[in-house]
1. Quick check on my filter: what residues within the stretch 1-31 are charged (D, E, K, R) and either part of a helix (DSSP H, G or I) or surrounded by 14 or more Cβ atoms within 10 Å (Cβ to Cβ) (or both)?
2. Tell me, yes or no, whether the stretch 165-174 has at least one residue that is touching a Cys at 6+ places or on another chain (Cβ under 6 Å) and of a type in the set (A, V, I, L, M, F, W, C).
3. Criterion first (within 26 Å of Tyr56 (Cβ to Cβ), of a type in the set (D, E, K, R) and out of contact with any helix residue (DSSP H, G or I) (no Cβ under 9 Å at 6 or more places or on another chain)) does Glu160 satisfy it?
4. Can you tell me which residue among Ala29, Ala10, Ala23 is under 23 Å from Lys217 (Cα atoms) and without any contact (Cβ under 8 Å) to a residue 12 or more places away in the chain?
5. Tell me, which strands (runs of 3 or more DSSP E) lie completely within the stretch 40-152 with 2 or more residues that are at pLDDT 90 or above and open to solvent by less than 40 Å² (accessible area, probe 1.4 Å)?
6. Pick from the stretch 270-290 the residues that are β-branched (Val, Ile, Thr) and within 23 Å of the chain's Cα centre (by Cα): which of them is surrounded by the most Cβ atoms within 10 Å (Cβ to Cβ)?
7. Arg265 passes all but one of (1) surrounded by fewer than 17 Cβ atoms within 10 Å (Cβ to Cβ); (2) farther than 15 Å from Pro194 by Cα; (3) touching a residue at least 12 places away in the same chain (Cβ under 8 Å); (4) of a type in the set (D, E, K, R); which number fails?
8. If you go through the stretch 122-157 one residue at a time, how many are out of contact with any Gly (no Cβ under 6 Å at 6 or more places or on another chain) and either of a type in the set (A, V, I, L, M) or on the phi > 0 side of the Ramachandran plot (or both)?
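The values are calculated or read from the model by the stated rules, or taken from the named source; none is laboratory data. Since the model is a prediction, treat every value here as computed from it, not as a measurement. For neighbour counting, all protein chains shown are included, and Cβ atoms are generated from backbone atoms with ideal geometry for every residue, glycine included. The area values use the complete protein model at the heavy-atom level, side chains included, leaving out ligands, DNA and RNA. Shrake-Rupley method; radii C 1.70, N 1.55, O 1.52, S 1.80 Å.
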Amino acid sequence: MRDVLPETFALWGDGRTFEQYVADFHSVARSPYARRRSFTAGLREAGRVVSSCKTYERELRAGDTTLRATGIGAVFTPPVHRGRGLASLMLGALLDSERDAGHDLAFLYSDIHPAFYERLGFGAVPSRTLTLRADSLDGTPCGCEPLEAHDWAAVRRCFETLDRSRPWSLRRTPIVWDWMRARWEAPPAQGEQPVRLLVRRGRSVAAYVVGRRVLRKDAFVIDDLGFDGVAGRSVLGPLLRAAAGDLRRVSGWLPPDPVRGALPRGTVRARKGAILMWVPLSPLGRRWWI
């Protein structure tokens, strides 16, 4: 951390102070999610880290099949050590290790040119952002209320109902949910206001949204959302309108169906960063990828 975090802060600080950036790293590293396996990997030369990354263990559900997936993040080589193939060497060794351990595929979100990862066997998945005008959403009051700590179990049930309608997804186990909650509940970056809202139908959650009002972008940025059934679908637009407040836009990664079909068309653009990429590591992984 002493070697790497001061340099990666400029890339991934995302509006936080350096102290907050380090605290967030510690929080994730100490969580049950990260402690299931080695959280960081890297190469050392003369006692210093010359290339590094984070690693995550996930499961991918494809129909009734479960695949073991390895997530890779924050791939970084200090500028003084670049041009020597160190990141390629590190990632190649990591992929070999994950393949030997019986994992089916690896994935990452590329913030650099995807061609670097394509040389290691990764393939890019179409990665897009959706932007909506807030006034294009139905502004009818929907009875939304703040999402409280005791609501997370019901939110999870709402998400899982929606998730079962998708052909594939990265599974959210209880440990993954705890990790995501910790990220969403962390202190916000300067100029951002966290928003967590839901709409109830009896004791169930019909729809929910988690995100941030980002003043410099004049936008509400979606981190997660979901709905349950026809009743939930009907209040999704008003819920997002309420989450946006007086900001002009609502934006986020283009969600898969059925969420995509429940929203206005908006503006869809290819993402310049965080491009999803996969590489199969087993015969099962190759069959799914194809």
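1. Taking the stretch 1-31 and keeping what is charged (D, E, K, R), we get 2-3, 7, 14, 16, 19, 24, 30.
Across the stretch 1-31, the qualifying residues are Asp3, Glu7, Arg16, Glu19, Asp24.
2. For the stretch 165-174, residues touching a Cys at 6+ places or on another chain (Cβ under 6 Å) and of a type in the set (A, V, I, L, M, F, W, C): absent.
3. Details: within 26 Å of Tyr56 (Cβ to Cβ): yes; of a type in the set (D, E, K, R): yes; out of contact with any helix residue (DSSP H, G or I) (no Cβ under 9 Å at 6 or more places or on another chain): yes.
Yes; evaluated as a whole, the condition is true for this residue.
4. On the way: Ala29 fails: under 23 Å from Lys217 (Cα atoms); Ala23 fails: under 23 Å from Lys217 (Cα atoms).
Testing whether each residue is under 23 Å from Lys217 (Cα atoms) and without any contact (Cβ under 8 Å) to a residue 12 or more places away in the chain leaves just Ala10.
5. Working: elements: 40-45, 48-62, 65-76, 105-110, 128-133.
Correct list: 48-62, 65-76, 105-110, 128-133.
6. Filtering the stretch 270-290 for residues β-branched (Val, Ile, Thr) gives 275, 279, 290.
Filter once more, keeping what is within 23 Å of the chain's Cα centre (by Cα): 275, 279.
Values: Ile275: 21, Val279: 23.
Step by step, filter the stretch 270-290, then rank; the result is Val279.
7. Going through the list (1) surrounded by fewer than 17 Cβ atoms within 10 Å (Cβ to Cβ); (2) farther than 15 Å from Pro194 by Cα; (3) touching a residue at least 12 places away in the same chain (Cβ under 8 Å); (4) of a type in the set (D, E, K, R), Arg265 breaks only (3).
8. Restricting attention to the stretch 122-157, the residues satisfying the condition of being out of contact with any Gly (no Cβ under 6 Å at 6 or more places or on another chain) are 122-129, 133-136, 139-157.
Next, only the ones that are either of a type in the set (A, V, I, L, M) or on the phi > 0 side of the Ramachandran plot (or both) stay: 124-125, 134, 143, 147, 149, 153-155.
Counting residues in the stretch 122-157 that are out of contact with any Gly (no Cβ under 6 Å at 6 or more places or on another chain) and either of a type in the set (A, V, I, L, M) or on the phi > 0 side of the Ramachandran plot (or both) gives 9.
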